[in-house]
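> Take this structure, written in C-alpha cells, and hold onto it; I'll ask about it next.
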Amino acid sequence: MAAAPIQIRFERFDGALGIAPARPPRAVTPEEKPALIARIRERLRALDAVFVAHYYVHPDLQDLAEATGGIVSDSLEMARFGHEHPAKTIVVAGVRFMGETAKILNPEKRVLMPDLAAECSLDLACPADEFAAFCDAHPDRVPVVYANTSAAVKARAEWMVTSSIAEKIVAHLHAQGRKILFAPDKHLGAYIQKVTGADMLMWNAACVVHEEFKARQLEELKLLHPQAKVLVHPESPASVIAMADAVGSTTGIIQAAQRLGAKEYIVATDGGIIHQMRKRLPGVTFIEAPTAGKGATCQSCAHCPWMAMNGLHNLLEVLETGRNEIHVDPATGERARISIQRMLDFAKVHLPTLKGSGDA
C-alpha cells in the first residue's frame, strides 16, 4: 500500500518586525571613483584586512573584492574564506547575518561591515524568542535553519543549511526517521520537502525579493525569448520553480548557466548576480525575471534593498574609523557554531568540494 502523502504545514509566531527603511549609500561619481578605490586599497593593506563581498552587492564592490585578493561568493564561503585567510580583519559587504556568520566562524578576528543596518527579510521575520517557542512547541522535530538567520536562531538549531546542501541534509535526516522543523523560508522548505518527501513543519516567512517573482509574467517573457533557459533560486514561489530549467543556490545558478550552454538565460534571483554571470560568460544574454505585473512602476525589482546599502563611501568610512564592527555574544556564538560545524562536517563527506555551497 502506498504511503499517505505528507502534508506541509505552515506556522508562524507573528511579531512586529520593526523593519527600518533601507538607506541607499551615497552615490559615487565617475570622477571620484578612482581616488575612492585607491584609498580603500590603501586602508585594506594598512589594516591587514581582507574584503569579501556577496554576489548581490554593487558590481563596483564585487570587482574591488576580487581585485584586492578577497572573494565574491555566498555568505558561508565568504566566512570560510575569511577564516582561512591570514588577515586579522574581515570586511564584509552584504547583510548583517553574513557578518555574524563570519564572526561566529572567526571569533578571534575583527569583522566590519559598511552598514550594520543592512538587514535580511528572512532574518527579521524569525525573531529568536519566537523561534525558540516554536521549537519548544514541537520537541519531536529536529530544528534546521537556513543561513539567513541570526546567531541566536542558529544557536537554537541543531543544523544550519545553505540552499545547495539543504536537500542532502534533510534527506539524510529523513532516512533516519527524523521529522523536521524548518525555518525561516517557506518556499525553500516546500521545495526541499517536495524533493525529499520528508515530514517538514515550516516557519511561514519568505524573502522579499524572491517572493515577488511572478509566474504569469515569466510565461509572457518566455514567449518573447523562447530559446532562453530559466534559472531559479529555490526561495522563489512554487509556480516560478515549476518553470525552471535549473533550480539552484547563488553559486548553483552560475554553474547551471555554464553547464547548459544556452545563449540566453532568464534569471530569477537578485539581479546583482548577473554581473558575475556576464563576466564568466561574455556574449551570453542574461535577463532579469519579472517581479511585477502590467502597470507596475518596474517590471523587475529583483534587488535586495539592504544589499544595496553597501557602497564605496561607507566602505571607506568603516576602514578609516573602525566603526560598524560585528559583535556576537561569545556563548551564543559557541552554540551557533555547533549547528554550522555540523553542516561543514557533513559536507566534507557528502560534498567534498564545499566551495560555493550557496545561499541567498
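> Between region 82-103 and region 135-206, how far is it from one alpha carbon centroid to the other, in angstrom?
25 Å
> Exposed loop GluC sites (Glu not before Pro) only (DSSP loop, at most 14 other Cβ atoms within 10 Å): please give the longest stretch of the chain free of them, not including the sites. The partial results should precede the final answer.
Details: sites that count: GLU31, GLU32, GLU108.
The longest such stretch corresponds to 109-360.
> Next up: Might you report the magnitude of the Cβ-based charge dipole of region 210-303 about its Cα centre, with Lys and Arg at +1 and Asp and Glu at -1, to the nearest 20 debye? Write out the running numbers ahead of the final one.
Details: 10 positive and 9 negative charges, 72 e Å.
It works out to roughly 340 debye.
> Can you compute the helix-only [θ] at 222 nm over the chain? Use -39500 (n - 2.57) per DSSP H run of at least 4 residues, normalise by all residues, nearest 500 deg cm²/dmol.
On the way: 15 runs with 148 residues, N = 360.
Helix contribution divided over all residues of the chain: -12000 deg cm²/dmol.
> Can you run phi through the Karplus equation (6.51, -1.76, 1.60; θ = phi - 60°) for region 27-41 and list ³J(HN,Hα) in whole Hz, with x for Gly and Pro?
Values, residue by residue: 5, 10, 7, x, 5, 8, 4, x, 5, 4, 5, 4, 5, 5, 4 Hz.
> Further, regarding this structure: Could you work out the relative contact order of the chain? I mean the mean sequence separation of Cα pairs under 8 Å and 6+ apart, divided by the number of residues, in percent.
Reported as a whole number, the value is 24 percent.
> Around ASP199, which amide H atoms from residues at least 5 apart in sequence, or from another chain, sit under 5 Å from its own amide H, with H modelled in the peptide plane?
Excluding prolines and chain starts, which carry no amide H, the hits are ILE180.
> Using each residue's phi in region 255-260, evaluate 6.51 cos²θ - 1.76 cosθ + 1.60 at θ = phi - 60° and report the 3J(HN,Hα) Karplus result to the nearest Hz, with x for Gly and Pro.
Taking θ as phi minus 60°, the curve returns 5, 5, 4, 5, 7, 6 Hz for region 255-260.
> For region 191-315, what class follows from the C-alpha gyration tensor (a ≥ b ≥ c being the square roots of its eigenvalues): rounded when a/c is under 1.5, otherwise prolate if a/b is larger than b/c, else oblate?
Values: a/c = 1.28, a/b = 1.10, b/c = 1.16.
Verdict is rounded for region 191-315.
> Hey, another quick one. Using a 10 Å cut-off around each Cβ, can you sort THR68, THR149, THR162, THR291 from fewest to most neighbouring Cβ atoms? Before the final figure, lay out each step's value.
On the way: THR68 16, THR149 31, THR162 26, THR291 22.
Least crowded to most crowded, the residues run THR68, THR291, THR162, THR149.
> Cross-link list LYS194/LYS214; LYS103/LYS229; LYS109/LYS179: which exceed 26 angstrom alpha carbon to alpha carbon? Could the numbers behind the result be given before it?
Values: LYS194/LYS214 20 Å; LYS103/LYS229 38 Å; LYS109/LYS179 37 Å.
Cα-Cα > 26 Å for LYS103/LYS229; LYS109/LYS179; rest within.
> Here's another thing I want to ask about it. May I ask which residue of ALA38, LEU231, GLY311 lies farthest towards the positive end of the charge dipole of the chain, with charges of +1 (Lys, Arg) and -1 (Asp, Glu) on Cβ and the Cα centre as origin?
Highest projection toward the positive end goes to LEU231.
> Which listed residue (TYR55, MET202, PRO282) has the Cα farthest towards the positive end of the charge dipole for the chain, taking +1 on Lys and Arg C-beta and -1 on Asp and Glu C-beta about the Cα centre?
Highest projection toward the positive end goes to PRO282.
Any read-out appearing in this document is the output of simple, stated calculations on the displayed coordinates, not a laboratory observation. From a predicted model like this one, the values you see are computed outputs, not experimental measurements. For neighbour counting, all protein chains shown are included, and Cβ atoms are generated from backbone atoms with ideal geometry for every residue, glycine included.
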